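A short worksheet on the structure shown next.
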Amino acid sequence: MAVSQRREITEQMNRSAGGYELVLSPLILALIGFGIDKLFGTVPVFTVLFAVLGLVGVVVKLYVDYRTEMEQHDAAGPWVR
């Protein structure tokens, strides 16, 4: 396998990680919130709060990554001289 093919596969794998982050981060934080709720005997306040916090965090991270990639793409375009 050529180096360029490995690089392309690695880049594609990094791009697909966003889907896993989008699902797993809120899920893991919701489980932590569930544990806290169970420990203190509260209603699922922490579960919902942590899940929303995880979702917002991931969306912000994906947006910032997208903006950074688009700025790099625009800076490298043929229209910039």
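The values are calculated or read from the model by the stated rules, or taken from the named source; none is laboratory data. This structure is a prediction, so every number in the text was calculated from the model and none was measured. Neighbour counts are summed over all protein chains in view; Cβ atoms, including those assigned to glycine, are modelled from backbone coordinates with ideal geometry.
Would you check if there is a residue in segment 52-67 being part of a helix (DSSP H, G or I) and farther than 22 Å from L24 by Cα? So far as segment 52-67 goes, yes, one or more of its residues are part of a helix (DSSP H, G or I) and farther than 22 Å from L24 by Cα. Criterion applied to T68, T42, T47 was being among the β-branched types (V, I, T) and surrounded by 14 or more Cβ atoms within 10 Å (Cβ to Cβ), and the one residue passing it is T47. Within segment 19-35, residues that are over 13 Å from V52 (Cα atoms) reach partners that are hydrophobic (A, V, I, L, M, F, W, C) with beta carbons closer than 7 Å, at six or more positions or on different chains, in the pairs E21/V58. In segment 52-67, is there at least one residue being modelled with pLDDT of 85 or more, over 13 Å from the mean Cα position of the chain (by Cα) and hydrophobic (A, V, I, L, M, F, W, C)? Checking segment 52-67: at least one residue is modelled with pLDDT of 85 or more, over 13 Å from the mean Cα position of the chain (by Cα) and hydrophobic (A, V, I, L, M, F, W, C).
Of all residues in segment 63-81, one or more are under 21 Å from N14 (Cα atoms), in contact with a helix residue (DSSP H, G or I) (Cβ under 9 Å, 6 or more places away or on another chain) and touching a residue at least 40 places away in the same chain (Cβ under 8 Å).
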